[in-house]
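Asker: Below is a structure I'd like to ask you about.
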Amino acid sequence: MKIVVLVKEVPDTYGDRKLSLETGLADRAANDRVLDEIGERSLEVALSYADKNPGTEVVVLSMASSDATATVRKGLAMGAASAVQVVDDALLGADLGLTAEVLAAALKRTGFDLVITGNQSTDGSGGVLPAMLAELLDVPSATSLSSVEIAETQVSGVRASDGATAQMSAEYPALISITEALPDARFPNFKGIMAAKKKPFEALSLDDLGIDAHDPAAARSIVIAIAEKPPREAGVKIVDEGDAGEQLAEFLIQNRLA
């Protein structure tokens, strides 16, 4: 069994997240950068299965800048057998379409029985990448799972919604995405950190994958304008002098909220 887990370096959610007004891209130097928590949980799902099933190979895959190598290597310290990182300057500001195309090509090159990813990252929060990847890879997908069971021939799990739950399953090769309902990830120990330095770490470029980021025939989205978020203004205060209800009703009507 070969399980590939998608991981991503993101700005720490405990810090301020900003956009560069010059480039329109996330200012990743504005605060600390960490391995996305949902990616860590995805890796935990794979490692928990590998712990009980000798012979399982767990690979972490990421598309990131060269300075994210240390962050991606955390996946090796947690227990993954190897890592693959797609690094190319042409990917700066890549949209979801290009990102999916690149990751799908890397997955085909690496090979897999099962791909595990989070339902959405904490920086872009697009939430569509798992479905896009499954389409490009032409494999069945089970997305936004709140529980996962990996078996010898298929993967299954439960997707929860506001009004119901759905039991889903897919035979290999397959792709799944998980939610934060899955368990927290393990912490890398000293032995794992030292072992990570000797584990295979492959860096791929767009040339290696045969992809042209500037292909005029491909549909790409671009940022055409960006502006800083205006400062928050003080809200309207209503002092109750016997007519607070009338004032509130008038405010709602004026702002088309009623």
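Asker: Being among the β-branched types (V, I, T) and over 14 Å from L6 (Cβ atoms) is the filter here; which residues of the stretch 64-111 pass it? Reasoning before the result, please.
Answerer: The initial filter retains those residues of the stretch 64-111 that are among the β-branched types (V, I, T), namely 69, 71-72, 84, 86-87, 99, 102, 110.
Matches in the stretch 64-111: T69, V87.
Asker: Which residues, taken from the stretch 112-142, are closer than 14 Å to V7 by Cβ, assigned to a loop (DSSP other than H, G, I, E, B) and among the β-branched types (V, I, T)?
Answerer: T122 - this is the single residue of the stretch 112-142 that is closer than 14 Å to V7 by Cβ, assigned to a loop (DSSP other than H, G, I, E, B) and among the β-branched types (V, I, T).
Asker: Give the residues of the stretch 46-87 that are in contact with a strand residue (DSSP E or B) (Cβ under 8 Å, 6 or more places away or on another chain), charged (D, E, K, R) and farther than 16 Å from L114 by Cα, sorted by residue number.
Answerer: Of everything in the stretch 46-87, those that are in contact with a strand residue (DSSP E or B) (Cβ under 8 Å, 6 or more places away or on another chain), charged (D, E, K, R) and farther than 16 Å from L114 by Cα turn out to be R73, K74.
Asker: Give me the pairs: first residue in the stretch 234-245 and at pLDDT 85 or above, second residue among the aromatic types (F, W, Y), beta-carbon distance under 8 Å, and six or more apart or on different chains, which are they?
Answerer: I238/F251
Asker: From the list L257, L252, which residue is more than 30 Å from L107 (Cα to Cα), without any contact (Cβ under 8 Å) to a residue 12 or more places away in the chain and loosely packed, with under 11 Cβ neighbours inside 10 Å?
Answerer: Unique residue meeting the criteria: L257.
Asker: A further question follows. Tell me whether the stretch 194-214 contains one or more residues that are within 19 Å of L129 (Cα to Cα) and small (G, A, S).
Answerer: Checking the stretch 194-214: at least one residue is within 19 Å of L129 (Cα to Cα) and small (G, A, S).
Asker: Kindly indicate whether any position in the stretch 207-221 is farther than 23 Å from A105 by Cβ, under 26 Å from the mean Cα position of the chain (by Cα) and in contact (Cβ under 8 Å) with a residue 24 or more places away in the chain. Don't jump to the end; show me each part of the working.
Answerer: Here is the first cut: in the stretch 207-221, the ones farther than 23 Å from A105 by Cβ are none.
Scanning the stretch 207-221 turns up no residue that is farther than 23 Å from A105 by Cβ, under 26 Å from the mean Cα position of the chain (by Cα) and in contact (Cβ under 8 Å) with a residue 24 or more places away in the chain.
Asker: What's the number of the only condition in (1) outside any helix (DSSP H, G or I); (2) over 27 Å from P140 (Cβ atoms); (3) small (G, A, S) that A94 fails to meet?
Answerer: So the condition that A94 fails would be (2).
Asker: Can you work out which of the residues in the stretch 145-183 that are touching a helix residue (DSSP H, G or I) at 6+ places or on another chain (Cβ under 7 Å) and surrounded by fewer than 18 Cβ atoms within 10 Å (Cβ to Cβ) is farthest from G55 (Cα to Cα)?
Answerer: Within the stretch 145-183, the match that is farthest from G55 (Cα to Cα) is E180.
Asker: Would you mention how many residues in the stretch 118-146 are more than 17 Å from L35 (Cα to Cα) and of a type in the set (D, E)?
Answerer: Counting residues in the stretch 118-146 that are more than 17 Å from L35 (Cα to Cα) and of a type in the set (D, E) gives 2.
Asker: Further, regarding this structure: State all residues of the stretch 95-130 that are at pLDDT below 95 and surrounded by fewer than 18 Cβ atoms within 10 Å (Cβ to Cβ); if no residue qualifies, say none.
Answerer: Those that are at pLDDT below 95 and surrounded by fewer than 18 Cβ atoms within 10 Å (Cβ to Cβ): D95, L96, G97, T122, D123, G124, S125, G126, G127, V128.
Asker: Right, next: Applying the selection to the stretch 215-258, what residues are β-branched (V, I, T) and under 23 Å from A90 (Cβ atoms)?
Answerer: I222, V223, I224, I226
The values are calculated or read from the model by the stated rules, or taken from the named source; none is laboratory data. These numbers come from a predicted model, not from an experiment. Counting neighbours? That spans all protein chains shown, and the Cβs are built from the backbone with ideal geometry, glycine included.
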